[in-house]
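Engineer: Input: one structure, supplied below.
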Amino acid sequence: MYSGSSDGEGPDAPAQRKIPPPSSMLWVRNLRRYIGSGAGLGSEALMELETKRILLDIFKEKQQKSAEAGTIPSFYKKKPEEGSISHRVQRLAKYRFLKKQSDLLLNADDLDAMWVCLRENCVIDDATGAEKMNYEDFCHIASVCTEQIGPKCRRFFSPSNFMKFEKDESGRIAILPFYLYVMRTVSLTQARIDMSELDEDSDGFLQPHEMEAYIRGLIPNLAQLRDMPAAFVQMYCRIAAHKFFFFCDPHRRGKACIKKILLSNCLQELMELHQETEEEVTDTEQAENWFSLTSAQRICDMFLALDKDMNGTLSKQELREYADGTLTDIFIERGRDLTTSLLLILGPQSSLVGIGSRMHYMVVQSGTTIMGQWAKAPGWMICLTKGVPCQLLPSWHSNLAHRQGGLPEKALDLAVSNITSLIMFAPYCYLIPICIAHLYSQKSSVFDEHVRRGKIGGGNAREMDFESFLDFVLALENKDAPEGLTYLFRCLDLQGRGFLTTADIHTLFRDVHQKWIEGGNYELCIEDVRDEIWDMVKPSDSLRISLADLLSCKQGGTVASMLIDVRGFWAHDNRENLLQEEEEPQEEG
């Protein structure tokens, strides 16, 4: 009946219509336009799309900057601003990373379980009675500990760790040194995590207030500090933190590297306060540990006893009473000629962008050619010497006239020892690099070398504050340490030349000789003492003694004591008798 098919494929059907491609359909174009605008996406998809756009913009911006910079590598990265997205992401990433590292650490229960496994699976050495294990026992203990504690203990049982320890003839190691190694590793890692949490800018360095916060958090866990009065906690943290910066911040940048803190003896000395003292400990023994409560109270009492006028700082006269007045006057107050090695020209077209750590140079960025424009640029000429306030010097060039309006008053009180204060010159500075700019004489003392200047507008700027007093005490109590000897050498270097001559030794020891005679001791020849010092140091240059010579001879602390303290010379002169007195109680015991 029906001769044609129902789908129109019969011979009489019209030609088949071609289906248009999807991209030409109106509804497809509208849907794509709708989705592309983001209006039809959910909140999560929209957020992901926005994130991709932001990251793409950042990538394009970095590509553009790299193309403009050429081959010059980037050596400075600006820190993210407080509250910005980058800052929040950085803090979140830091929190998650430290949390992950903390979860991988062994806790006290895990350490106890490991010690039990070590003792149960070790062998007793018949000769010494020590508990030891060979490599097969080591691997077996690793399996047992992994089952009981978890995989986080596996990293301690690597072959390389086994090879770190001393082995006997049978190839066995003692379990106690291995366990102490595990405990110390866990302790240092935990300390690093705690310090990193306090590192606000995440640069790997701690500032003084961050170090004080770390110590404050340790106090409840230190057995010997639990009874500390609450009113003394802040002062204790200040004293304790200062020793870390004295030894771990030699260039006085105001921040100490976390890695250097962890490897220093200071942290180990602080952790000794964990131990419960069953036996009674004398005040003298307690005072040997700088971080003990007895030592901190001793430092405070000493400062208060010296501060006669109770103004919070020490004058030269007050400091002379330190150690019962046995320090020489030339050490407390000495005169010398200072040689200037930097000349700073202040002009309106330059900006200070960096300062050399040792104040031998400065890096400046100027809008003018220095050598071509300096003589024509009106400005102030200032002579910079470390430890001495900047002094306005008369110009010997007629074109260097005073700039109109003069400098800010703050410039007159600038102290080079406080490097950050140079930033106030940012709109004005550029540098004329020369070796010797100007010679002049200036009365100087230990204050000029090491006293921090008070803040402008308040305080006595020429007296020693408590922070500088802590440096002073730490140097005298650690004369054999490189940091303490470096501090003292700067005081002994009368001419600021970096070495001591025979004339310097004669001048320094003259005050010691005077105090020696006033004490009723026998007459001695200064030249003989000078020759003895030369024999002790054995300098590389027979005419001068450098700091490197004092450090290498291993007797630098003794030499420094002989030159600044009459008690130090007395102890050296009677060293054989003192040694005999120390040996006699041991023989009786």
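Engineer: Could you go through the range 131-137 in sequence order and give the Karplus-derived ³J(HN,Hα) for each residue, using 6.51 cos²θ - 1.76 cosθ + 1.60 with θ = phi - 60°, rounded to whole Hz, and x for Gly and Pro?
Structural biologist: Karplus values, whole Hz, x for Gly and Pro: 8, 10, 8, 8, 5, 5, 4.
Engineer: Here's another thing I want to ask about it. Between beta-carbons, use under 13 Å as the cut-off and find the net charge around residue 318, counting Lys and Arg +1, Asp and Glu -1. Please list the in-between numbers first.
Structural biologist: On the way: positive: 308, 316, 320, 462; negative: 307, 309, 321, 333, 463, 465.
Value of the local net charge: -2.
Engineer: Another question, if that's okay. If I model a spin label as a point 7 Å beyond the Cα along the Cα-Cβ vector, how far apart are those points for residue 55 and residue 158 in nm?
Structural biologist: Taking the two extended label points, one gets 3.1 nm.
Engineer: How many nm is it between the label spots at residue 184 and residue 75, if each spot is 7 Å from the Cα in line with the beta carbon?
Structural biologist: 3.7 nm
Engineer: A further question on this structure: What net charge do the residues around residue 237 carry, taking every other residue with its C-beta under 13 Å from that of residue 237, with Lys and Arg at +1 and Asp and Glu at -1?
Structural biologist: On the way: positive: 216, 238, 243; negative: 210, 212.
After counting each charged neighbour, the total is +1.
Engineer: Can I ask one more? For a 26 Å ceiling on Cα separation, which of these pairs sit above it: 100/132; 260/538; 77/259? Mind showing how you got there, number by number?
Structural biologist: Numbers: 100/132 33 Å; 260/538 32 Å; 77/259 22 Å.
Distance filter (> 26 Å) returns 100/132; 260/538.
Engineer: Further question: Starting from the Cα of residue 552, step 7 Å along the direction of its Cβ; do the same at residue 26; then give the gap between the two resulting points in nm.
Structural biologist: It works out to 9.4 nm between the two label points.
Engineer: Spelling out what I want: for every residue of the range 546-556, take phi, set θ = phi - 60°, compute 6.51 cos²θ - 1.76 cosθ + 1.60 (Karplus), and round to whole Hz; glycine and proline get x.
Structural biologist: Result, rounded to whole Hz: 9, 4, 4, 5, 5, 6, 7, 7, 6, 10, x.
Engineer: Here's something else I'd like to know. How high is the FRET efficiency from residue 310 to residue 193, r the C-beta distance, R0 30 Å, rounded to 0.05? Kindly include the intermediate steps, with their values, before the conclusion.
Structural biologist: Values: r = 43 Å, r/R0 = 1.42.
E(calc), rounded to 0.05, equals 0.10.
Engineer: Would you mind getting the Kirkwood hydrodynamic radius of the range 174-234 from its Cα pairs, rounded to one decimal in Å? Please list the in-between numbers first.
Structural biologist: Working: mean 1/r = 0.0738 Å⁻¹.
Kirkwood radius, the range 174-234: 13.6 Å.
Engineer: Can you pick out the pairs among 94/479; 308/554; 243/554 whose Cα atoms lie more than 28 Å from each other? Kindly include the intermediate steps, with their values, before the conclusion.
Structural biologist: Working: 94/479 40 Å; 308/554 38 Å; 243/554 22 Å.
Beyond 28 Å: 94/479; 308/554.
Engineer: Also, quick follow-up: Can you pull the percent of the range 150-299's accessible area that's carbon plus sulfur, 1.4 Å probe, other chains left in place?
Structural biologist: Numbers: 4060 of 8000 Å².
Summing carbon and sulfur atoms, their accessible area is 51 percent of the total for the range 150-299.
Engineer: Taking θ as phi - 60°, what are the ³J(HN,Hα) couplings along the range 297-308 by the Karplus curve (6.51, -1.76, 1.60), each to the nearest whole Hz, with x for Gly and Pro?
Structural biologist: 5, 4, 5, 5, 4, 5, 5, 5, 5, 6, 7, 5
Engineer: Long-range amide H contacts for residue 333: which residues qualify at under 5 Å (H placed 1.01 Å from N, peptide plane, sequence gap of 5 or more or a different chain)?
Structural biologist: Sorted by chain and number, the residues that satisfy this are 446.
Engineer: Would you tally the net charge around residue 290, using a Cβ to Cβ cut-off of less than 9 Å, leaving residue 290 out, and scoring K and R as +1, D and E as -1?
Structural biologist: Details: positive: 243; negative: 269, 288, 477.
Neighbour charge sum, excluding residue 290 itself: -2.
Engineer: Just to confirm my numbers, what's the Cα centroid distance between the range 189-257 and the range 456-528 in Å?
Structural biologist: 30 Å
The values are calculated or read from the model by the stated rules, or taken from the named source; none is laboratory data. Since the model is a prediction, treat every value here as computed from it, not as a measurement. All Cβ positions, even for glycine, are placed from backbone atoms using ideal geometry, and neighbour counts span all protein chains on display. Each accessible area value is taken on the protein alone, full model and side chains, heavy atoms only, with ligands, DNA and RNA left out. Shrake-Rupley method; radii C 1.70, N 1.55, O 1.52, S 1.80 Å.
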